[in-house]
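Beneath this line is the structure, given in C-alpha cells, with notes to follow.
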Amino acid sequence: MDQHTISHSGAWRAGGHVVRTRCSEFPREHISEPHRHDEAQLVLAADGAMIMDTAEGPLVVPPHGVAWIPCGVVHNARMIGSVSTMTVWIQRLPKYELPTKCRAVNGTPVMRRLLQEIMKIGLRAYPGSLASSDVGLLLNEFETLPALPDRLPLPKDPRLAAQCISFLRGPSAHQTISEWSATLRMSRRTFTRRFRQETGVSFVAWRQQACLFAALPRLAAGESITTIAIDLGYESPAAFTTMFKRHQGMPPSRRF
C-alpha cells in the first residue's frame, strides 16, 4: 500500500456527477503502485515534481505543473523529492469534453486558485452550481494551455528500445546516428527510417528530448544548470539553455 499523508479529502456532486478531491503529502522518492481510476484525474504538483508513468510513456510534471490522466489509464507516480499534490477526480460533466490523452501543462495562477477553491468545496461538501462552475472553469483553463513536451516516445522494436533505455541511463547530446546504427548493425539509412517509424520523430529530435527529459527532474530538485549541462555533454551552459528554451519556451532559470 502507498505510504503518504492525506491532509484532507472530500466528495460532492456537480451536475449530478460525483467529484472527489484530495490534498496529499508524499515523502522523498515515493513511488506509487500502478493503478487506474474510473474517473478522470487532474493533479497539481503544488510543491515538488513527479513523473507519471503511463502506457503512452513517462510524463514529467514539474513544480506547479498539472497532469491530466483520463479514466481507465493505468499509471503510477514517481516523486522527485518531497511532493505536495492537489487532486480532482471527475466522472463526467455535462457540456464539457474531457481530454482523452494524458498530458501535462504548466499550471497558471488561475488554475492554482481554482484548485484551492475546489479543495475547500470538497472539504465542506458544498453542492450546487458553484462547484460545477469552478470545475468547468478549471477544465477550460487547462484546455487553453499548451501541453508540455515532456513525453518521450519509446520504440516497440526490442533492439531499438533497449538502445534507447541504455541511452537514458547516461544521455549525451554528442551521440550520433552513426554510433547508434553501428551499435545496432544497421545502415545509417535503415536506422534513420526505422527510428522515425517507431517513435514518430527524428533521432536528433528524440536525443534532444531525451536530454531534456533527463534534465527536468534534476532542475526541479535544485541542481545547477552548469552541472546538468556538463553531464549531458553540452559545450556550455549557454548551449544547454538555448536547447531548453527552444523546447520549453523559457530558459531553465525561469522554468524552475
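Here is a yes/no grid of residues against (1) of a type in the set (Lys, Arg); (2) at pLDDT 85 or above; (3) not assigned by TED's automatic domain parsing to the domain that holds Thr21:
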| position | (1), (2), (3) |
| --- | --- |
| Leu59 | no, no, no |
| Pro70 | no, yes, no |
| Met86 | no, yes, no |
| Lys120 | yes, no, no |
| Ser129 | no, no, no |
| Ser132 | no, no, no |
| Asp150 | no, no, yes |
| Ile165 | no, no, yes |
| Arg169 | yes, no, yes |
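Each row is one residue, and each column tells you yes or no for (1) at negative phi; (2) touching a strand residue (DSSP E or B) at 6+ places or on another chain (Cβ under 6 Å); (3) surrounded by fewer than 17 Cβ atoms within 10 Å (Cβ to Cβ).
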| residue | (1), (2), (3) |
| --- | --- |
| Leu152 | yes, yes, no |
| Leu168 | yes, no, yes |
| Pro171 | yes, no, no |
| His174 | yes, no, yes |
| Arg196 | yes, no, yes |
| Arg207 | yes, no, no |
| Gly222 | no, no, yes |
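Entry remark, the stretch 183-212: residues being over 13 Å from Cys164 (Cα atoms) and of a type in the set (Val, Ile, Thr) number 3 in total.
Residue check: is Thr192 over 24 Å from the mean Cα position of the chain (by Cα) and either surrounded by 15 or more Cβ atoms within 10 Å (Cβ to Cβ) or of a type in the set (Asp, Glu) (or both)? I'd like the intermediate steps shown before the answer.
Details: over 24 Å from the mean Cα position of the chain (by Cα): yes; either surrounded by 15 or more Cβ atoms within 10 Å (Cβ to Cβ) or of a type in the set (Asp, Glu) (or both): yes.
Here the answer is yes, as Thr192 does meet what is asked.
Selection within the stretch 46-81: residues that are of a type outside the set (A, V, I, L, M, F, W, C) and touching a Cys at 6+ places or on another chain (Cβ under 7 Å). The member of this set that is surrounded by the fewest Cβ atoms within 10 Å (Cβ to Cβ) is Glu56. Residue count for the stretch 224-256, restricted to those that are exposed (fewer than 15 other Cβ atoms within 10 Å of the Cβ), outside any loop (DSSP other than H, G, I, E, B) and of a type in the set (Ser, Thr, Tyr): 4. How about the stretch 148-199: which of its residues are of a type in the set (Lys, Arg) and more than 27 Å from Pro252 (Cβ to Cβ)? Selection gives Lys156, Arg159, Arg185, Arg188, Arg189, Arg193, Arg194, Arg196.
If only one of Ser172, Ser166 is among the polar types (S, T, N, Q) and assigned to a loop (DSSP other than H, G, I, E, B), which one is it?
Working: Ser166 fails: assigned to a loop (DSSP other than H, G, I, E, B).
One residue alone meets the criteria, Ser172.
Determine which member of the set Ala210, Ala205, Ala221 is over 26 Å from Val83 (Cα atoms) and among the small types (Gly, Ala, Ser). Let's see the steps before the verdict.
Numbers: Ala210 fails: over 26 Å from Val83 (Cα atoms); Ala221 fails: over 26 Å from Val83 (Cα atoms).
Result of the check over Ala210, Ala205, Ala221: Ala205.
The values are calculated or read from the model by the stated rules, or taken from the named source; none is laboratory data. Every value quoted in this text rests on a predicted model; they were computed, and no experiment measured them. Note that we place each Cβ from the backbone using ideal geometry, even for glycine, and neighbour counts take in every protein chain shown.
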